[in-house]
Amino acid sequence: MEPVGTRVRQQGHAQNARDWDRRGFLRGAGLGAAALATSALTGCGGGRSSGPPNFVLIFLDDSGYGDFRPFGHPPYPTPNVERLALGGCRFLNFYVPQAICSASRSALMTGCYPGRTKVFGAHGPRARGLDPSFATMGEVLKTAGYATGVFGKWHIGDQPETRPPARGFDESSGLMYSNDMWEFYPERPQDYSQYPLQYWKNGEVQIERVTGEHQRFLTTWATEDAVDFIHRHKQSPFLCYVPYSMPHVPLFVSDKFKGKSGAGLYGDVMMELDWGVGQILDALRDDGLEDNTLVVFCSDNGPWTSYGNHSGVTPFREAKGTGFDGGTRSATIMRYPGKINAGCRSTHAACTVDLMPTFAHLAGAAMPANPVDGKNLWELFQSKPEAVNPHAYYPFSTGRNFEGVLSGDGRWKLHLPHGYRVLVEPGNDGAAGTYTQARIELSLFDMQEDPKESTNVIAKHPEVAERLQEYARQHQQEFYSEASGG
Ligand SMILES: [Ca+2]
């Protein structure tokens, strides 16, 4: 029998989506004949228990550092993320190199800084995105025999040569860019009215014109496709990349969680994402794959606080779209039973660019021919006592502006002089608030003593500032000078 969710997406109209939601809820709740049939078919173990690990990479969109326990204390339950953290390691100082969608995702997929790929900010419909000369994680792992799937928001290319099927992913479903780049969205609909938001599956448009009714299912569909992919590939090594579209505005939630959090729509959306994490963890457990799978959980950037009660929270300075830690520091969990200590907590600095090289190392895959900035940090991710971060520094940027560097040990952060946006008044219930522009001069922050970047200590530590300024000069020269094409 054809899966119900697939049929809905092929037909792609609201009534069927609602019908599917009801049946999807029954199945998710373990009720009805469909639930029994599904579990009887899939919950039988027998997955590959040795050899190179599988990778499950869950990447949220705009989730704040404090949106989940145990990183924060949100007013809604997140039991599945807590379960993941209890079984693995929490990384408290994990960074993205730029706190905007496309730049962050390109860095994750390639292990290259935005200054190298020249993918900055967030691209819109029909953009070419990431140049195919930079290998993706999917392409790298495929050379080692991995099956690869991406289920959710791609956002690093919307042309035939830059969509997932051309970039190393055997299977794919979801949106090619953000869910607000959308003719129905009240913010700037004129920018997107010529391009209906499309839902893609395996290189074909499955829904020509995504509506609000469809958006309610984005989290469920990504989850279902990821779970299905895991079940079908339990005998071969796989990469299952799940870049959820939520909790990027406009927020949507299925009936499973609508009104369930008691904390508004954002809480409902986060509960549904937590449910998705739980479904994926259950699939790994049921297939006997838990011990041979590295699960990584992270967000592409910090919260979009302009959206007020439709935004997450961060304890750090500023938020999405800035080089401050409120934008670039992501609550990250890694679980790999027997290899990463359960319940561990790491304060090492690390960055999403390091994931691809680390995955390649674990998979026994050769690194690509193009230069890569990230490094294999497997010993550091395992919290080996002797492990040190081999990076002298991590750069951070916003759009095309290189803004400064963080020392590789995470202790010091140097801001070059740059402008940045500051929230004046948050919006409410889906409406955007207002920003003003501010400026920071050359500043050094001691991230250990002052993680909120509040006190400039450059006069107190001139030798540290000089060392970081030299790294910044080198980075500027290599990636942002005219000679570099920057
Ligand atoms: Ca984002």
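Bear in mind that the values in this text are calculations on the coordinates, not laboratory data. Quick caveat: nothing in here was measured; it's all calculated off a predicted structure. Every residue, glycine among them, receives a Cβ derived from its backbone with ideal geometry; neighbour counts consider all protein chains shown.
Classify the chain: rounded, prolate or oblate, from the alpha-carbon gyration tensor (a ≥ b ≥ c, eigenvalue square roots; a/c under 1.5 rounded; otherwise prolate if a/b is larger than b/c)? Intermediate values should be presented prior to the final figure.
Working: a/c = 1.56, a/b = 1.32, b/c = 1.18.
Because a/c hits 1.5 or more and a/b exceeds b/c, the chain counts as prolate.
The GluC sites (Glu not before Pro) of the stretch 264-372 include none that meets both criteria, a DSSP state outside H, G, I, E and B (loop) and at most 10 other C-beta atoms within 10 angstrom of the site's C-beta. In a DSSP loop and with at most 12 other Cβ atoms within 10 Å, the GluC sites (Glu not before Pro) in the stretch 186-261 are Glu208. Using Cβ point charges alone (K and R +1, D and E -1), the dipole size of the chain about the Cα centre works out to roughly 460 debye.
Stretching the chain fully between Arg126 and Lys260 yields a gain of 44.6 nm (0.36 nm per residue, less the alpha carbon separation). Label reach from Glu183 (point 7 Å along Cα→C-beta): in the stretch 207-246, amide nitrogens under 13 Å belong to 208-212. Paramagnetic label reach from Lys339 (point 7 Å along Cα→Cβ; backbone nitrogen cut-off under 12 Å): within the stretch 363-379, residues 363-365, 377-379. Site pair Glu441 and Arg411 shows an inter-label distance of 2.6 nm when each label is modelled 7 Å from Cα along Cα→Cβ.
Contact order, relative form, for the chain: 22 percent (alpha carbon pairs under 8 Å, 6 or more residues apart, mean separation divided by residue count). Label positions at Ala166 and Tyr195, each projected 7 Å from the Cα along the C-beta direction, are separated by 1.4 nm. Overall, the anisotropy analysis places the stretch 396-484 in the oblate class: the square-rooted eigenvalues a ≥ b ≥ c of its C-alpha gyration tensor yield a/c not less than 1.5, with a/b not exceeding b/c. Fully extending the segment from Gln474 to Gln159 would add 110.0 nm, taking 0.36 nm per residue of separation and subtracting the current Cα-Cα distance. Extension gain, Gln448 to Glu208, is 81.5 nm, computed as 0.36 nm per intervening residue step minus the present C-alpha separation.
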